[in-house]
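Note sheet for the following structure.
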Amino acid sequence: MRPSLLQNLLYPDQSESPDKIAVILAVSVCLILAFSPLFSKVASNGAAIISLWAMISFGKRYWSAKGSVTFPSAAVRLLYAGFLLYFLSSISSLVNNADLQAAGWRFDSYYPFFLTGVILILFAFHRIQAGLSANIIAIAVVFSTSLMFVFSFYQLQVQGLYRAGVFTGYNPNIFAYLAGLYWLVVLALFVSVSDNRIRIPLLIVVVAGVYTLLAAGSRGVIISAVCTALMILILAILKSMQEPGGHNKFIIISLCAFLIGTAVFSQSEYFSQRYVSTAAQVQEYTEGKVQHNSVSARLNLWQGGYHIWNKQPVFGTGIGDGQEDLDRLIQQGEVSLSTASFAIFHNIYVDVLATTGLLGFLLMMLGVFILPGLYFWRTLFDSHTQTQVFAGLAGLGLVIFNLVFGLFNSWLFLRNLPVTLVLLLLLITVSDRFSDQR
């Protein structure tokens, strides 16, 4: 009989001697994930400390072992190669870059992908026990999703604010992004378990997460979360059909409930108001009116990004020159914005094309989306444990969510990037660790 997800979470494999450093590392990462959505500096500072720890540990181990260091599996090394290529695309973009000072702060969006390598080696060396990484994720996202619900309820119902996410160190859109990211991981956990004693509390957290998403009020996040949740449920059904006695009936019921809930929400006054507002803002853009609303500003920014990329199609204008180029386009009347107050283009595809060119765009698609997507696809459909099913579903959910959300915002260039990467690394560690045990 296969171990349940609960057994894997609460009773890590005892075949290996306990590693105190692994436990300390696990607790540290758990705290980073748990509190990052409400305190933005927790994510960046925590990730920086772990990165520094990883580099020091790697250096000491490499020196003392005379070059003998434990590395992750070949599949994970291929993933890191993709991250490294994306990181190198920022270097190649300096070919046309003129403003090195602006390139410096934009470089913050690239070097964390380089540091993932030493963190993965740290995880591999300490051989975090089977289930421990999954335990970190489960505890952190369930706790944080519940905490975000309480915070959102307080801001809307007690303080009377229009949107939740204020005073968190982020803007409401990024708060909504993290709420959506964590909610999808909880959803993947919910459809992976087969024990009703676990499902019921998780269902409560899933519903709480929906409230937080709506309270934050980000249209881009809501669209991205709905699309990703639908894909997670469909993938879960396909996986359950592979195995006799799979709990596909439960997942099908969950899918039907999700579709009904989405249909009911689409008819609500809240959705209608947002839809009417979006349509009006699109009309203002098509009529050439200079407005500072969310939709028309984004459309104008994308238009400006296309003009910038069209002049430097291979390497882009450089990661530090986008703002200056956009200012010039505004002055020339090619972009209908009163000022280039946006340092990002609110679309990762336009942003990367404009600043790093076609080369950077292709490397981003390969390293950030295609290779991780293939890795977690294989993890899901080659899995033999519920924990690995969870890792596959959550990993694919993370990739799909960021693919869709990238159409509306430049999440790669915002302060939530460390949270995304820490979660991604943990999911990789879970699936890679279980792959070793087959």
- Neighbour-count order for LYS239, LYS41, fewest beta carbons within 10 angstrom listed first: LYS41, LYS239
- Distance from the range 194-253 to the range 298-338 (C-alpha centre basis), Å: 39
- Message: Compute the distance from the alpha-carbon center of the range 368-409 to that of the range 26-61, in whole Å.
- Response: 23
- Item | For the range 172-217: rounded, prolate or oblate by the Cα gyration tensor [a/c cutoff 1.5] | prolate
- Message: Order these by the 10 Å Cβ neighbour count, fewest first: ILE428, ILE222.
- Response: ILE222, ILE428
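Laboratory data are not the source of any read-out in this text; all were calculated from the coordinates shown. Computed from a prediction, not measured in an experiment: that's the story for all the values here. Every residue, glycine among them, receives a Cβ derived from its backbone with ideal geometry; neighbour counts consider all protein chains shown.
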